[in-house]
Amino acid sequence: MEFGTLMERRWSCRAFHPDPLPEDLITEILTTAQRTPSWCNTQPWQVHLLGGTALDWFRSELRSGVEAEPFDVSSDVPLPGGYLGVYDDRRRAAGYALYESLGIARGDKVARAEQMLRNYDFFDAPHAVIVTSDRIQGTYGALDCGAYVTNLMNAALDRGVGTIAQGAIGIHSGAVRRLLDLPEDRIVLCAVAFGRPAEEHPVNGFRTERARLDEVVHVVTRP
């Protein structure tokens, strides 16, 4: 796909067909993402690929744990201190568009909470990767992994595969570390669920807006 077209078409898929992807297609996507540039070529990312019964077990255990202890947050990276001004406006607009696509009223806290929990079902995707970074590389490692996640999602879309990056998984990094038996030198950042998109599902019909260039690009001129 032409790159500009790919960027225009990318979206966060929240409903998937259950059929697993061919192994060679998954290998293609991961091989492409592996070309991501990184600070000093450290390539700090490591991913745990889940599918089939392994993913069924993982999502069942993770969702059960979150439902039992919803406030047991154990993020390996500092969470945002808050969303102010335009950042809060954008966050709210995205949330309202999501709930509207599903017919969830703004005041329906039960339905909104259930939709949040769908993160821990991985939106019924047939595959997911858990993305981890090298702890000692700190912010630089996390930045490199963000680039990796972006390239992974773009490589998938180029092959007709839907994706969604899930920061909600990283919020419960303690549970993820226990389930995957991760060593302490790895930090959990996020997950990426992927598979063939259920394009007929209404949740896949909405798109988020992007800010105008003059809101984010500041042209510096010589005095």
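None of the figures in this text is laboratory data; all of them are computed from the coordinates on show. Being a predicted model, the structure only gives us computed values, none of them experimental. With ideal geometry, Cβ positions are generated from the backbone for all residues, glycine too; neighbour counts draw on all protein chains shown.
Restricting to segment 78-101, give me the number of residues that are out of contact with any helix residue (DSSP H, G or I) (no Cβ under 6 Å at 6 or more places or on another chain), at negative phi and not in a helix (DSSP H, G or I).
5
Working carefully through the options Leu179, Leu189, find the one that is part of a helix (DSSP H, G or I) and more than 20 Å from Gly95 (Cα to Cα).
Criteria check complete, one pass: Leu179.
Filter segment 121-144 down to the residues that are buried (at least 22 other Cβ atoms within 10 Å of the Cβ) and either of a type in the set (Gly, Ala, Ser) or more than 12 Å from the chain's Cα centre (by Cα) (or both) and list them by number.
Ala125, His127, Ala128, Thr132, Ser133, Gly141, Asp144
If I filter segment 128-144 down to residues being β-branched (Val, Ile, Thr) and assigned to a helix (DSSP H, G or I), which single residue comes out as farthest from Gln166 (Cα to Cα)?
Result: Ile136.
Just give me the residues in segment 107-145 being aromatic (Phe, Trp, Tyr) and under 26 Å from Asp56 (Cβ atoms), in sequence order. Before the answer, list the steps.
Within segment 107-145, the first condition is being aromatic (Phe, Trp, Tyr), and the residues that meet it are 120, 122-123, 140.
Matches in segment 107-145: Tyr120, Phe122, Phe123.
Considering only segment 150-191, state which residues are closer than 17 Å to Pro37 by Cβ and surrounded by fewer than 22 Cβ atoms within 10 Å (Cβ to Cβ).
Result: Thr150, Asn151, Asn154, Ala155.
Between residues in segment 170-183 that are closer than 9 Å to Thr132 by Cβ and residues that are part of a helix (DSSP H, G or I) and among the aromatic types (Phe, Trp, Tyr), which pairs lie under 9 Å by C-beta distance while being six or more apart or on different chains?
Note: pairs meeting the criteria are Val176/Phe58; Leu180/Phe58.
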